[in-house]
Amino acid sequence: MSKSIADIRKDYTKGSLKSSDLPDSPFESFQKWLDEAISSEVEEPTALTLSTIHEGNRPRSRVVLLKNIDQQGLVFFTNYNSQKGAEIDTNPYAAMNFFWPELERQVRVEGRIERITSTESDNYFYSRPLESQAGAIVSDQSKVIPEDLDLSAEINALITQPDKLRRPEHWGGFRLIPDYFEFWQGRPSRIHDRVFYRLQNEHWSKGRLSP
């Protein structure tokens, strides 16, 4: 007999967290935790769940990859004509969630989203493998396509013509400019440690939340 999902439990015992353990800058804190996730060989350490709001006020989530972080914000890339691209154009606020189960850690980030510059998008696009460049060109992301459409054949044909590998205007980066961070460390008996940063009047305040 299969185990009931209601009976699946895990006690988190790998660490603890106090607000004093983290720097005053949430960007420094995030970079530290991201570096530790990478050095610990967490699987897909840059993967995050991105949540946006549909024009009907319904939330949508999907996993994307973080590709840059600086003092301005967190950057990911996508097709601007995709569902998430359209939702961001309509409502330029979103939430990100990183979960690193191997470290029993989670980070939530919320804020406003804007497109990065064409130069930034170009620099990243042309750093990608040719197959990835071609994939961005041939994919009409989020659109319904025929079951028998062979996109791999289109990609293979395109990479034999590198002069046609140009970044489409509808493909590029978004930057989430945070106004809220929350750092979560799993603890025994579900008494998890949670430390938040909130941006108010251009100043980051820091505090602790009940689990």
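The values are calculated or read from the model by the stated rules, or taken from the named source; none is laboratory data. Bear in mind the structure is a predicted one, so any value in this text is a computation, not a measurement. FYI the Cβ positions are ideal-geometry reconstructions off the backbone, even for glycines, and counts take in every protein chain you see.
The set of residues in the stretch 7-22 that are under 25 Å from Arg198 (Cβ atoms), loosely packed, with under 12 Cβ neighbours inside 10 Å and not hydroxyl-bearing (Ser, Thr, Tyr) contains only Lys18. Screening the candidates Glu104, Glu87, Glu44, Glu120 for the property of being under 14 Å from the mean Cα position of the chain (by Cα) and at pLDDT 95 or above yields one hit, Glu44.
Within the stretch 68-109, the set of residues being charged (D, E, K, R) and surrounded by fewer than 18 Cβ atoms within 10 Å (Cβ to Cβ) comprises Asp70, Asp89, Glu102.
Determine whether the stretch 21-28 contains at least one residue that is within 18 Å of the chain's Cα centre (by Cα) and charged (D, E, K, R). Yes; the residues of the stretch 21-28 include at least one that is within 18 Å of the chain's Cα centre (by Cα) and charged (D, E, K, R).
What are the pairs, 6+ residues apart or on separate chains, where a residue within the stretch 30-51 that is in the same structural domain as Ser82 (by TED's automatic domain parsing) has its Cβ under 9 Å from a residue that is surrounded by 17 or more Cβ atoms within 10 Å (Cβ to Cβ) and assigned to a helix (DSSP H, G or I)? If the second residue must be surrounded by 17 or more Cβ atoms within 10 Å (Cβ to Cβ) and assigned to a helix (DSSP H, G or I), the pairs left are Pro45/Leu34; Pro45/Ala37; Thr46/Leu34; Thr46/Ala37; Leu50/Lys84. Could you count how many residues in the stretch 69-97 are in a strand (DSSP E or B) and within 14 Å of Pro178 (Cα to Cα)? Of the residues in that region, 9 qualify.
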